[in-house]
DNA sequence: GTCTATAATAAGATAGAC
DNA sequence: GTCTATCTTATTATAGAC
């Protein structure tokens with residue numbers, strides 16, 4: 001049996017944090033759990049990341065990068081304007097299945113809730129995530145709206161529905177939020193077409 | 001000047017907890033902050049509520065009671081089926097303005113995120129809140145849908161949008177979630193009418 | 001019986017010495 | 001990487017005031 005080479009401690013810690021933090025809750029997870037899960041020592045954490053918050057910031061950064069790529073891919077795969085706007089729901093489903101664990105809801109919103117006085121590193125990732133969301137949704141809404149105001153309204157509704165899908169995983173209801181989200185988004189698009 | 005009578009320590013602590021816990025974050029708020037804010041001693045907390053979680057459970061219970069009443073009022077004030085379904089957004093606006101502080105997002109979702117291994121008392125309030133939401137939305141959706149399946153779909157979309165409105169306060173975008181939520185909900189109702 | 005004040009205990013985050 | 005020390009926080013215990 002060829003033995004798999006063990007990744008460096010820094011990588012193992014990042015992976016463990018990504019796996020555990022957002023299932024157990026950020027604050028609910030003691031650093032000891034992460035250290036045990038990763039098989040690293042306390043010093044590894046504090047020399048590489050400075051603090052638990054520093055580790056969280058790096059994990060969030062990786063997640064933002066992954067999310068952006070998945071969303072990119074799904075937008076490109078769509079074949080018309082409506083499909084490109086609705087691609088965010090494909091992206092949510094894909095991201096949860098492929099990239100990260102189907103448990104948990106949204107790492108960014110969880111961080112916003114649990115770390116209200118977040119250090120700059122975390123606050124900045126959250127802001128980048130929100131910027132990506134708002135700018136891209138507005139961009140994708142434009143072709144489907146008669147004017148700039150209507151486009152902004154549609155984009156806001158999309159952000160609302162998307163956020164609702166994520167938070168519904170936390171609530172545990174409805175059972176398949178992505179499907180309901182897609183239906184609600186289609187209705188919003190259609191309303192702008194007929195109205 | 002007639003001096004206002006000071007409410008009992010138990011009440012002061014409940015009020016302080018309701019004010020502070022969901023603005024600062026549940027876990028981010030040390031009990032000392034609540035004690036100082038309420039002007040009570042440590043023993044008061046532990047004799048009356050048993051633990052910080054016990055206090056949280058009681059505050060959530062009060063909030064559920066208040067929310068149910070506000071929602072009731074707004075449903076009764078509406079004058080047609082669509083208005084009664086959409087009344088949940090009036091209720092959100094009213095609840096935030098009148099009953100509780102406009103900061104913070106949703107006490108129940110925050111508790112679900114921050115206290116994943118919640119004691120029974122808290123888990124039960126959260127379940128009651130979700131039950132109220134799902135049952136009432138389904139009830140109010142029935143007159144607007146041709147059959148039971150469509151009614152359930154509409155109710156799911158409403159729950160999604162409602163949850164999105166609340167979580168949008170956490171995200172800080174869109175700026176006026178209630179308005180976008182109402183538009184999205186109207187589109188969902190209309191889609192079920194035309195489709 | 002309700003409340004306060006204070007100290008002791010235990011767990012967790014952080015930091016540094018080795 | 002281990003070990004130890006410090007700081008914060010939740011919790012409990014003790015003792016006393018109204």
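Okay, here's what the table says:
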quantity: Single residue of B:125, B:70, B:92 found to be away from chain A (no Cβ under 14 Å) and either under 26 Å from residue B:152 (Cβ atoms) or in contact (Cβ under 8 Å) with a residue 12 or more places away in the chain (or both); calculated: B:70
quantity: Residue within region A:168-186 that is outside any helix (DSSP H, G or I), surrounded by fewer than 21 Cβ atoms within 10 Å (Cβ to Cβ) and on the phi > 0 side of the Ramachandran plot present; calculated: yes
quantity: Of all residues in region B:131-151 being closer than 26 Å to residue B:66 by Cα and touching a residue at least 12 places away in the same chain (Cβ under 8 Å), the one that is farthest from the other protein chains (Cβ to nearest Cβ); calculated: B:140
quantity: Failed item, numbered, when residue B:79 is tested on (1) closer than 20 Å to residue A:165 by Cα; (2) without any contact (Cβ under 8 Å) to a residue 12 or more places away in the chain; calculated: (1)
quantity: Subset tally (residues that are within 16 Å of DNA strand D (Cβ to nearest atom) and buried (at least 21 other Cβ atoms within 10 Å of the Cβ)) for region A:53-74; calculated: 1
quantity: Residue B:119 vs. criteria closer than 28 Å to residue B:183 by Cα and more than 11 Å from every other protein chain (Cβ to nearest Cβ); calculated: no
quantity: Residue in region B:157-164 that is out of contact with any strand residue (DSSP E or B) (no Cβ under 8 Å at 6 or more places or on another chain), outside any loop (DSSP other than H, G, I, E, B) and more than 8 Å from chain A (Cβ to nearest Cβ) present; calculated: yes
quantity: Where residue A:79 falls short, out of the listed (1) more than 16 Å from DNA strand C (Cβ to nearest atom); (2) within 14 Å of chain B (Cβ to nearest Cβ); (3) part of a loop (DSSP other than H, G, I, E, B); calculated: (2)
quantity: Hits in region A:4-52 - residues which are crowded, with 17+ Cβ neighbours inside 10 Å, within 11 Å of DNA strand C (Cβ to nearest atom), within 14 Å of another protein chain (Cβ to nearest Cβ) and assigned to a helix (DSSP H, G or I); calculated: A:21, A:24, A:52
quantity: Residue B:102 over 30 Å from residue B:192 (Cα atoms), away from DNA strand C (no atom under 16 Å from the Cβ) and in contact with a helix residue (DSSP H, G or I) (Cβ under 9 Å, 6 or more places away or on another chain); calculated: yes
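Every number in this text was worked out from the coordinates using simple rules, so none of it is lab data. These figures come from a predicted structure and were not determined experimentally. Reconstructed Cβ throughout: ideal geometry from the backbone, glycine too, with neighbour counts over all protein chains shown.
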